[in-house]
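Novice: The structure's right below; bear with me while I get my questions together.
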Amino acid sequence: TGAPESQTLYRIANPILVEAGISHVRWADLHGHSQLSDGTGTPDDYFSYAREIAGLDIAALTDHDHWGYQFLDAHPRMWQLIRDAVKRHHQPGLFITLLGYEWTSWLHGHRHVLYFEDRGEVYSSLDPRYETPAQLWDALRGQPALTFAHHSAGGPVATNWSYPPDPILEPITEVVSIHGSSEAADSPQAIYSPVPGNFVRDVLGLGYRLGFIGSGDSHDGHPGNAHIAMGSGAGLAAILSEELSRKGVLEALRARRTYATNGPRVWLEVSIDGQPMGSTLAADPGGGTTTQTLRIRVIGDGPISRVELIRSGSVSTLDAEEQLDWSLEREIPR
């Protein structure tokens with residue numbers, strides 16, 4: 001009968017850069033839903049897909065506190081199902097799961113609450129004790145937790161930015177998901193029904209300090225690949241953490257060592273005067289220096305056509321000449 005024909009198996013992996021002294025980028029989707037609110041599939045399905053199919057390093061399931069056939073805030077059994085799944089799929093060093101839910105305020109906007117341990121409470125936005133962002137942050141204060149707003153510039157409900165983000169509990173914000181981009185009106189695939197002045201670039205002008213993430217808002221069990229159902233870019237969070245652990249991820253998020261993409265797994269490193277992204281630099285460090293050294297390196301999963309630099313709302317466009325590995329070093333005014 002002869003020997004069976006040989007078969008070649010193909011798999012698609014995350015982009016890999018092998019080089020000394022570079023930052024470790026961990027890919028995350030921190031926003032998605034299961035059948036316990038307004039999505040499909042079980043919590044176990046969600047985390048299995050995130051790791052085995054989407055190739056994520058970090059995932060959070062964020063079902064609504066009060067949306068769906070039964071409300072999470074009224075059914076402790078459902079919250080326990082999520083807690084059990086988070087604990088079951090958590091593998092430090094390999095795959096990090098985070099306990100979370102969506103604080104669903106139709107007055108102040110939707111926020112995610114993430115816990116960096118196996119336990120945490122559902123502080124419902126319908127509860128008078130937690131109905132404002134400030135009350136939510138007061139309830140979370142001192143816990144290994146944080147929050148972030150999403151689809152903040154427009155539909156389905158915009159964020160009430162009159163509450164300044166808590167510097168410890170809300171150091172980041174989601175700028176892109178299946179709803180579109182909340183970064184700016186001129187960003188690709190801007191969110192629908194935007195509220196003038198409510199884009200993230202606008203609120204940076206108010207003096208708020210925020211790191212950026214993207215995430216999916218998958219409702220059909222595709223964390224990390226939410227674009228499959230939507231037919232457009234969704235969102236991913238790139239988290240620069242040397243340690244793949246809950247502690248390491250929390251530290252990186254609070255330090256704002258993050259960036260967002262609308263799907264492509266692009267490697268990005270940015271520094272000013274040697275300080276990494278997310279850093280706060282003194283306006284005048286003394287010594288009479290009038291410039292700073294900006295360094296950027298971008299490695300795409302395809303040719304890079306251009307790079308846009310945005311400073312104080314002004315956009316400068318640089319031709320990347322279709323390179324895969326593009327870098328820049330220049331002196332900029334302080």
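The values are calculated or read from the model by the stated rules, or taken from the named source; none is laboratory data. Predicted, not measured: the structure shown is a model, and the values here were computed from it. With ideal geometry, Cβ positions are generated from the backbone for all residues, glycine too; neighbour counts draw on all protein chains shown. Accessible surface is based on the protein model in full, side chains and every heavy atom, while ligands, DNA and RNA are left aside. Shrake-Rupley method; radii C 1.70, N 1.55, O 1.52, S 1.80 Å.
Novice: How long are the semi-axes of the equivalent ellipsoid of segment 177-232, defined as square roots of 5 times the Cα gyration tensor eigenvalues? Whole Å, largest first.
Specialist: In descending order, the three semi-axes are 24, 13, 8 Å.
Novice: Sequence gap at least 6, Cα distance under 8 Å: using those rules, report the relative contact order of the chain to the nearest whole percent.
Specialist: Normalised by residue count, the contact order of the chain is 15 percent.
Novice: What are the residues whose amide H is under 5 Å from the amide H of G109, where those residues sit 5 or more places off or on another chain and H is modelled from the backbone?
Specialist: Distant-sequence amide H within range of G109: N160.
Novice: Also, quick follow-up: Give me the log10 of I(q) over I(0) for segment 121-241 at q = 0.15, 0.21 Å⁻¹, as the Debye formula computes it from C-alpha points; what are the numbers?
Specialist: Log-scaled intensity ratios, in q order: -0.72, -1.26.
Novice: Semi-axes of the equivalent ellipsoid for segment 54-94, please: Cα gyration tensor eigenvalues, times 5, square-rooted, ordered largest first, whole Å.
Specialist: Working through the eigenvalues yields semi-axes of 24, 12, 6 Å.
Novice: In whole Hz, with x marking every Gly and Pro, tabulate ³J(HN,Hα) for segment 37-49 from phi via Karplus 6.51 cos²θ - 1.76 cosθ + 1.60, θ = phi - 60°.
Specialist: 9, 10, x, 10, x, 8, x, 5, 4, 4, 6, 5, 5
Novice: Of the listed peptides 89-99, 298-308, 208-218, what is their order by residue-averaged count of other C-beta atoms within 10 Å, with the highest listed first?
Specialist: In descending order of packing, they fall as 208-218, 89-99, 298-308.
Novice: Long-range amide H contacts for A153: which residues qualify at under 5 Å (H placed 1.01 Å from N, peptide plane, sequence gap of 5 or more or a different chain)?
Specialist: T159
Novice: Between A229 and D44, what length comes free when the chain is fully extended (0.36 nm per residue of separation minus the Cα-Cα distance, one decimal in nm)?
Specialist: Taking 0.36 nm per residue and subtracting the Cα distance, the gain is 64.6 nm.
Novice: Next question, about the same structure. Could the peptides 188-198, 153-163, 135-145 be put in order, highest first, of the mean number of other beta-carbon atoms found within 10 Å of their residues?
Specialist: 153-163, 135-145, 188-198
Novice: If R₀ is 25 angstrom, what is the calculated FRET efficiency for the pair L309 and K247, using the beta carbon separation as r and rounding to 0.05?
Specialist: It comes to 0.15.
Novice: Report R257's accessible area, 1.4 Å probe, all protein chains in place, as a number in Å² to the nearest 10.
Specialist: 50 Å²
Novice: Of all DSSP beta bridges in segment 8-138, what percent run antiparallel (nearest 5)?
Specialist: That works out to approximately 55 percent antiparallel.
Novice: Stokes-Einstein at 25 °C, 0.890 mPa s, Kirkwood radius from Cα pairs: D for segment 263-334 in µm² s⁻¹?
Specialist: It diffuses with D of about 180 µm²/s by this estimate.
Novice: Sticking with this structure for a sec: Principal axes first, then extents: for the Cα atoms of segment 191-334, list largest minus smallest coordinate on each axis, whole Å, largest first.
Specialist: 56, 39, 37
Novice: Where does segment 2-144 land on the Kirkwood hydrodynamic radius, alpha-carbon pairs, in angstrom?
Specialist: Over segment 2-144, the inverse of the mean reciprocal pair distance is 17.0 Å.
Novice: Hey, another quick one. Of all beta bridges DSSP finds with both residues in the chain, what is the antiparallel percent, to the nearest 5?
Specialist: Once the DSSP bridges in the chain are tallied, antiparallel ones form about 80 percent.
Novice: Quick check: at a probe of 1.4 Å, how many percent of the accessible area of segment 21-112 sits on carbon and sulfur atoms?
Specialist: Heavy-atom surface of segment 21-112 belonging to carbon and sulfur, 1.4 Å probe: 55 percent.
Novice: Given the rule -39500 (n - 2.57) for each run of at least 4 DSSP H residues, summed and divided by the residues of the chain, what is its mean residue ellipticity at 222 nm, to the nearest 500 deg cm²/dmol?
Specialist: Roughly -4000 deg cm²/dmol at 222 nm, from the helical runs in the chain.
Novice: Now for a different question. Restricting to Cα pairs below 8 Å that are 6+ residues apart, what does the relative contact order work out to for segment 154-308? Please round to a whole percent.
Specialist: 20 percent
Novice: Rounded to the nearest 0.05, what FRET efficiency do Q323 and N160 give with R0 = 45 Å and r taken as the Cβ-Cβ distance? Could you check?
Specialist: So the FRET efficiency works out to roughly 0.60.
Novice: Shifting gears a bit: Counting alpha carbon pairs within less than 8 Å and at least 6 residues apart, what relative contact order, in whole percent, applies to segment 1-147?
Specialist: Relative contact order here is 18 percent.
Novice: What do you reckon, how do L281, L268, L206 stack up by accessible area (1.4 Å probe), largest on top?
Specialist: From most accessible down to least: L206, L281, L268.
Novice: Rg/Rh for the chain to two decimals, with Rh computed the Kirkwood way over all alpha-carbon pairs.
Specialist: Value, to two decimals: 0.99.
Novice: At 1.4 Å probe size, what's the solvent-accessible area of K87? Round to the nearest 10 Å².
Specialist: 130 Å²
Novice: Could you work out the pair-distance distribution P(r) of segment 152-198 from its alpha-carbon pairs, with 10 angstrom bin width and percents rounded to whole numbers?
Specialist: 28, 51, 20, 0
Novice: Which value results for Rg/Rh of segment 125-188 when Rg is the Cα radius of gyration and Rh the Kirkwood radius based on the inverse mean 1/r?
Specialist: 1.01
Novice: Another one. Could you tell me the calculated FRET efficiency between Q135 and W106, based on Cβ-Cβ distance and R0 = 25 angstrom, to the nearest 0.05?
Specialist: The computed FRET efficiency comes out at 0.95.
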